[in-house]
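Peer 1: My structure is below; once you've seen it, I'll send some questions.
All of the numbers you see were taken from the coordinates with simple rules; none came from a lab. Since the model is a prediction, treat every value here as computed from it, not as a measurement. Here Cβ is always computed from backbone atoms with ideal geometry, including for glycine, and neighbour counts include all displayed protein chains.
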Amino acid sequence: MCSIPALPAAAKELAGRIDAAAQHARTGCVLHPSYLPAKLLWLSQSRPDAFRAATRWMSFGEYLFLKLFGNAAASTSMVSGSGLWNQNLNDYDEEMLSALPIERAQLCPIDCMDQPETKLLAEYAQLWPRFDGIPWFPALGDGACDNLGSDCITPSRFALMVGTSGAMRAVCESESMRIPAGLFCYRVDRKRFVLGGALSNGGEVYAWMKHRLTLPPDDQIEAQLAAMEPGTHGLTVLPLFAGERSTKWRADARGAITGLSIHTSPLEIVRASLESVALRFRNVYDIMLEQIGAPADLVDSGAALLHSPAWTQMMADALCRPIIACMEKEATSRGAALLAMERTGAIGHVRDLPPELGRVYQPMESRRAIYEEQLRRQRRLYTKLFEEN
């Protein structure tokens, strides 16, 4: 019987069946354990009887619709992030489906996508009479909603989100999209792409440090982090505690800290680790810059950055770009509401209700060379650990 650790093996097996680079260029999803193709293959091998008994494959959002309305409706946004969708054809990817033991008929039909339901089943109509007869839209991708909620809806405005994990994304309205290696691509809807990169290690790195190191109270941590100069810790950190997604997508990658000495303090480890996450975003930013050009604005959201101005400043310095703080506490939920309002005609366009923005963090030119050197050291360490062996 297969186990959860066998998921990376399933991704590697898929890479032996199809051209992984070509598949990524079509679907915007790499062959990685975090995406649906590897999970489906793994499930077919680890639970073959249950797998064969399944007549329909659906997301939790579709299942909710099935329970509430009797119809398992999906959105283009959710399906396009599954690894089963050809982004430029706006259809399921036939080559990916042919490599998996599933059929197109087991997935949400294209003509049913994005359609609202209005009539709750009797049980729920009785339970929630005020919600019966109004449009319910299928679930959307949280990343797409975060961009909409923070008004990052054109290629000239990148969204930087750091919560437990992290992502940098841009929304592009176009007929087609060239998807570069290292990034993901999915859709807001039929007309808008989302291009960017994701880190499995965002605020979780900070949380890991606070849980395992002896540190002062939170308010003192923030003040002391802000007072420290970058690079003075002498450490090089790969913050890959939960493996790697963008940009190399190495599920087997692990964290590393080099340069430790008997004099290294816990707070220096924290500062170096937060800088290292900012440098991981720099890798994503550099690819996006080459693909769609420099943004006019870069807007941050997510609890991790909202609660740490010191970390947001590190991001601005590492990216060499001003960062505007989005003050909306729930940018993702806000984006979902805006898109629903756009679709129902309550507003003409999601841009009609801009978010509340706050402080602009300006990069410090005196720190540019320090972060550039740290970036080179981090990339060299990554190469030694994961590419030379």
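Peer 1: Which stretch or stretches of the stretch 11-46 have amide N atoms under 20 Å from the point lying 7 Å from Glu290's Cα along the Cα→Cβ direction?
Peer 2: What the label zone holds, given the 20 Å backbone N cut-off, is 20-31.
Peer 1: Sticking with this structure for a sec: Please compute the length gained on full extension between Ala310 and Lys329, using 0.36 nm multiplied by the number of residues separating them and subtracting their Cα-Cα distance.
Peer 2: 5.0 nm
Peer 1: Tally the DSSP beta bridges in the chain and give the antiparallel ones as a percent, rounded to 5.
Peer 2: The antiparallel fraction comes to roughly 75 percent.
Peer 1: State the extension gain, in nm to one decimal, for the chain segment bounded by Ala22 and Glu123, taking 0.36 nm per residue of separation less the distance between their alpha-carbons.
Peer 2: Full extension of this stretch gives 31.7 nm more.
Peer 1: A follow-up question, please. Please identify the GluC sites (Glu not before Pro) of the stretch 290-367 that satisfy two criteria: DSSP loop assignment and at most 13 other Cβ atoms within 10 Å. Which are they?
Peer 2: Glu356
Peer 1: Hey, another quick one. Relative contact order of the stretch 246-384: what whole-number percent is it, with Cα pairs under 8 angstrom and at least 6 residues apart?
Peer 2: 24 percent.
Peer 1: Another one. Hey, rough spin-label estimate for Met364 and Ser261, points 7 angstrom out along Cα→Cβ, what's it come to in nanometres?
Peer 2: So the label points at Met364 and Ser261 sit 2.2 nm apart.
Peer 1: Here's another thing I want to ask about it. Modelling each spin label as a point 7 Å along the Cα-to-Cβ direction, I'd like the Arg379/Lys191 distance in nm, to one decimal.
Peer 2: For Arg379 paired with Lys191, the spin-label model returns 3.9 nm.
Peer 1: Next up: Which loop GluC sites (Glu not before Pro) in the stretch 65-107, with loop taken from DSSP, have no more than 12 other Cβ atoms within 10 angstrom of their Cβ?
Peer 2: Here the GluC sites (Glu not before Pro) that fit, given the DSSP loop and packing criteria, are Glu103.
Peer 1: Could you tell me which of rounded, prolate or oblate describes the stretch 322-389, using a ≥ b ≥ c as the square roots of the eigenvalues of the alpha-carbon gyration tensor, with rounded for a/c under 1.5 and, failing that, prolate when a/b is larger than b/c and oblate otherwise?
Peer 2: oblate
Peer 1: If we restrict to alpha carbons, what Rg and Dmax does the stretch 4-131 come to, in Å?
Peer 2: 16.4, 52
Peer 1: To the nearest 20 debye, what charge dipole does the stretch 80-153 have about its Cα centre, counting +1 at the Cβ of each Lys and Arg and -1 at the Cβ of each Asp and Glu?
Peer 2: So the magnitude is around 300 debye.
Peer 1: Using a simple charge model, +1 on the beta-carbon of Lys and Arg, -1 on the beta-carbon of Asp and Glu, nothing else, what dipole does the chain show about its Cα centre, in debye to the nearest 20?
Peer 2: That gives the chain a dipole magnitude of about 640 debye.
Peer 1: Report, in listed order, any pair from Lys67/Lys210; Lys210/Lys329; Lys39/Lys248; Lys191/Lys329 with a Cα-Cα distance greater than 29 Å.
Peer 2: Too far apart for the 29 Å limit: Lys67/Lys210.
Peer 1: Here is a further query. Got the relative contact order for the chain handy, in percent, Cα pairs under 8 Å and 6 or more residues apart?
Peer 2: Relative contact order, the chain: 16 percent.
Peer 1: Let me ask something additional. Mind sorting Ser82, Ser77, Ser174 by how few other Cβ atoms lie within 10 Å of their own Cβ, fewest first?
Peer 2: Starting with the residue having the fewest Cβ neighbours, the order is Ser174, Ser82, Ser77.
Peer 1: In addition: DSSP loop (so not H, G, I, E, B), at most 13 other Cβ within 10 Å: list which trypsin sites (Lys or Arg not before Pro) in the stretch 131-202 pass both filters.
Peer 2: Those that pass, being in a loop and sparsely packed, are Arg178, Arg190, Lys191.
Peer 1: How big is the gap, in Å, between the Cα center of the stretch 194-227 and the Cα center of the stretch 9-50?
Peer 2: Using only Cα atoms to place each centre, the spacing works out to 32 Å.
Peer 1: Further question: Given the -39500 (n - 2.57) contribution per DSSP H run of 4+ residues, what per-residue ellipticity at 222 nm results for the chain, rounded to the nearest 500 deg cm²/dmol?
Peer 2: -12500 deg cm²/dmol
Peer 1: Follow-up. Helix 331-344 versus the longest principal axis of the chain: what angle, 0 to 90°, nearest 10, using Cα atoms?
Peer 2: With both axes taken from Cα atoms, the answer is about 30 degrees.
Peer 1: Normalised by the residues of the stretch 313-365, what does the relative contact order come to in percent, with Cα pairs under 8 Å and at least six apart?
Peer 2: 61
Peer 1: Only Cα pairs within less than 10 Å get springs; with that Gaussian network setup on the chain, which residue of Leu213, Leu306, Leu84 has the largest fluctuation?
Peer 2: Checking each option, the largest mean-square fluctuation is seen for Leu213.
Peer 1: How would the stretch 108-224 be classified by its alpha-carbon gyration tensor: rounded, prolate or oblate, with rounded meaning a/c under 1.5 and the a/b versus b/c comparison settling the rest?
Peer 2: Judged from the Cα gyration tensor, the stretch 108-224 comes out oblate (a/c at least 1.5, b/c at or above a/b).
Peer 1: Build a GNM of the chain with springs between Cα atoms under 10 Å: which of Ala304, Ala170, Ala227 gets the top mean-square fluctuation?
Peer 2: Ala227
Peer 1: Follow-up question, since we're still on this one. Compare Gln106, Gln291, Gln374 in a GNM of the chain, Cα atoms joined below 10 Å, and give the one with the largest fluctuation.
Peer 2: Of Gln106, Gln291, Gln374, the most mobile in the Gaussian network model is Gln106.
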